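A.B. asks: Shown below is the structure under consideration.
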2 protein chains.
Amino acid sequence: MGKLLIVGTVAFDAIESPFGKTDKILGGAGTFIGLAASKFEVDLGLVSVVGDDFPQAYLDILTNKNINIDGVEIVKGGKTFFWSGRYHNDMNTRDTLVTELNTLADFNPKVPDAYADAEIVMLGNLHPGIQLSVIHQMKKRPKLIILDTMNFWMDNSLEELLTVIKEIDVITINDEEARQLTNEYSLVKAAEKIHRMGPKYVVIKKGEHGALLFHDKHIFFAPALPLEEVFDPTGAGDTFAGGFAGYLAATAHISFENMKNAVIHGSNLASFCVEKFGTERMQTVSQQEIEKRLHQFKTLTQFNIELP
Amino acid sequence: MGKLLIVGTVAFDAIESPFGKTDKILGGAGTFIGLAASKFEVDLGLVSVVGDDFPQAYLDILTNKNINIDGVEIVKGGKTFFWSGRYHNDMNTRDTLVTELNTLADFNPKVPDAYADAEIVMLGNLHPGIQLSVIHQMKKRPKLIILDTMNFWMDNSLEELLTVIKEIDVITINDEEARQLTNEYSLVKAAEKIHRMGPKYVVIKKGEHGALLFHDKHIFFAPALPLEEVFDPTGAGDTFAGGFAGYLAATAHISFENMKNAVIHGSNLASFCVEKFGTERMQTVSQQEIEKRLHQFKTLTQFNIELP
């Protein structure tokens, strides 16, 4: 069983959308990545930080999915990271209403010894300095380091971000962020520039328009499953990354061909994530439902043109 | 050899883009549809109208591709339809600078006898009354009637548009137009509503984000080929429709499975169309280049997940 180390936020989210409104619910990139990766046969360790206001019931949700939380620090007297946002009618754009860093502000990640030899490391969206610190704590170079990031770090910590990007193998980033990072409108050109920054594999996430995987001159595309209703997009990108990393850790085979499958598995899991608020759907989705929807992905994309 | 009747504008276009500017060049939906369909083994007839200002050299471009232009009326003393537009930096949005209907204003299409028994009819974007008149001139119900339209007719001739939509089998429409026509944001729901208006097959074009084919509960998706540079998107949607119709006419087999292939062929040809101004690339592209790029479409979309 492959070992996957995940670093990412465990948080409270409060979400408003045209479909309703939530109180503070379980959220955070590390949470969504972990829940998605737990759908595969893999030894999962999570590194994160919360305050002692964080309910045991939420931690139990993670441990019940066999996610090892020895690396989740609980800060006494501290408050857990809180994010609140409101989605517009098109569900593609959102306003951030509240960001309270709380314990995240001084987060100093500690990789448990048992996971310092993980074959795959998935660095969720965090300050690039934190991401770099995790890489440096690994006993040996992991077979694959995957990094997710966002425009906030390009605006505020570009130099550190470029330093960590140099160290990794796969970057997952959305289309607008890829354009911002490279100053190229064409995603093909943007991916080429990002290759030259370090990562051998570039995954560009386009939300409802799917995801592109670039490697050398090769490109693979996975659509998002067309849905009747998108209820809450929060965590979809992290769920995609978690499915991608979890599948690769479970199959223990690093190649462009296997990453195609990983991208499909990630897109498949993300299609469930958006069906309910927060992590609700990811907690309940069954292996049977996941498999059924993989069949839908095949119908959706596979064709039969004979070529010489 | 299947017979395909195409109805659509033959026009002058003048295009401005970040890459440059053209004088009046060959354009029009009928032109792009015809050039794309001519890549397949099919007996092509075009119904359209031009003024006597239209150069013989432009007509020769069509006849050289074995497009029968007996149905292209040349109005003495009339001027050819002229459209001019300017693309913005993202190449996804454009402003119309000039629309001179000229001879198109009084266009009364006449289907040549030799094409009144065509198995497939492709109705390019035109006034729905003109599209309906063509359907009524057919000797017997064609095996397949495909219709392309746009928001302009929804705004100005909705009732006539709904009348012609009731008569057809396949509609091709872009995502924003599908939303406008149905008042549904979700394209899955929009396609269901359009099904209920008449068409058994609904193709929703999303430009650089690909195209969706809906039939009953089945969905197929074809991405646009990611390109380093999009030079001029003019005619890409018509080229897509022409490739779709041409492939179906050549293979003479109407099914969801075969339409998947048709959607891929349409997307493939559209990827060439945008590489140069106007029809330039569609005039020169070779069968070898087309085939090579079909291989790229396979690499781009086909994966290998074993499912029970």
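A.B. asks: Please work out if A:PHE272 is assigned to a strand (DSSP E or B) and open to solvent by less than 50 Å² (accessible area, probe 1.4 Å).
C.D. replies: When the stated conditions are applied, A:PHE272 does not pass them.
A.B. asks: Follow-up question, since we're still on this one. Condition check: in a loop (DSSP other than H, G, I, E, B), touching a residue at least 60 places away in the same chain (Cβ under 8 Å) and either within 9 Å of chain A (Cβ to nearest Cβ) or touching a Gly at 6+ places or on another chain (Cβ under 9 Å) (or both). Does B:ASP238 satisfy that?
C.D. replies: It is false that B:ASP238 is in a loop (DSSP other than H, G, I, E, B), touching a residue at least 60 places away in the same chain (Cβ under 8 Å) and either within 9 Å of chain A (Cβ to nearest Cβ) or touching a Gly at 6+ places or on another chain (Cβ under 9 Å) (or both).
A.B. asks: Let me ask you something else. Return yes or no: is B:THR80 over 19 Å from B:PHE277 (Cα atoms), open to solvent by less than 10 Å² (accessible area, probe 1.4 Å) and outside any strand (DSSP E or B)?
C.D. replies: yes
A.B. asks: Restricting the search to segment A:167-182, which residues are assigned to a helix (DSSP H, G or I), farther than 12 Å from A:LYS206 by Cβ and not aliphatic (A, V, I, L, M)?
C.D. replies: Of everything in segment A:167-182, those that are assigned to a helix (DSSP H, G or I), farther than 12 Å from A:LYS206 by Cβ and not aliphatic (A, V, I, L, M) turn out to be A:GLU167, A:GLN180, A:THR182.
A.B. asks: For segment A:176-190, give me the residue count where each residue is touching a residue at least 24 places away in the same chain (Cβ under 8 Å) and open to solvent by 30 Å² or more (accessible area, probe 1.4 Å).
C.D. replies: Final tally of qualifying residues: 2.
A.B. asks: Next question. Out of the residues in segment A:143-168 meeting the condition of being open to solvent by less than 10 Å² (accessible area, probe 1.4 Å) and over 15 Å from A:GLY237 (Cα atoms), tell me which one is nearest to the chain's Cα centre (by Cα).
C.D. replies: A:ILE145
A.B. asks: Any residue in segment B:289-308 that is without any contact (Cβ under 8 Å) to a residue 60 or more places away in the chain and more than 8 Å from chain A (Cβ to nearest Cβ) sitting within a Cβ distance under 9 Å of a residue that is open to solvent by 10 Å² or more (accessible area, probe 1.4 Å) and not in a helix (DSSP H, G or I)? List the pairs, counting only those 6 or more apart or interchain.
C.D. replies: none
Residue-by-condition table, conditions (1) within 14 Å of another protein chain (Cβ to nearest Cβ); (2) buried (at least 23 other Cβ atoms within 10 Å of the Cβ); (3) touching a helix residue (DSSP H, G or I) at 6+ places or on another chain (Cβ under 8 Å):
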site: B:PHE32; (1), (2), (3): no, yes, yes
site: B:GLY51; (1), (2), (3): no, no, yes
site: B:ILE69; (1), (2), (3): no, no, yes
site: B:ARG94; (1), (2), (3): no, no, no
site: B:LEU97; (1), (2), (3): no, no, no
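A.B. asks: Tell me whether segment A:279-300 contains one or more residues that are basic (Lys, Arg) and part of a loop (DSSP other than H, G, I, E, B).
C.D. replies: Scanning segment A:279-300, I find no residue that is basic (Lys, Arg) and part of a loop (DSSP other than H, G, I, E, B), so the answer is no.
A.B. asks: Another question about this same structure. Of all the residues that make up segment B:115-131, how many are open to solvent by 20 Å² or more (accessible area, probe 1.4 Å), under 29 Å from B:MET1 (Cβ atoms) and in contact with an Asp or Glu (Cβ under 7 Å, 6 or more places away or on another chain)?
C.D. replies: Qualifying residue count, segment B:115-131: 1.
A.B. asks: State the number of residues belonging to segment B:183-222 that are more than 13 Å from chain A (Cβ to nearest Cβ) and either part of a helix (DSSP H, G or I) or touching a Lys or Arg at 6+ places or on another chain (Cβ under 6 Å) (or both).
C.D. replies: 5
A.B. asks: Which residue, of B:PHE240, B:PHE303, B:PHE277, is in contact with a strand residue (DSSP E or B) (Cβ under 8 Å, 6 or more places away or on another chain) and crowded, with 24+ Cβ neighbours inside 10 Å?
C.D. replies: Checking each option against the conditions leaves just B:PHE240.
The values are calculated or read from the model by the stated rules, or taken from the named source; none is laboratory data. If you're wondering where the values come from, they're calculated on a predicted model, not measured in any experiment. Neighbour counts are summed over all protein chains in view; Cβ atoms, including those assigned to glycine, are modelled from backbone coordinates with ideal geometry. Heads up: the accessible areas ignore ligands, DNA and RNA and are worked out on the full protein's heavy atoms, side chains in. Shrake-Rupley method; radii C 1.70, N 1.55, O 1.52, S 1.80 Å.
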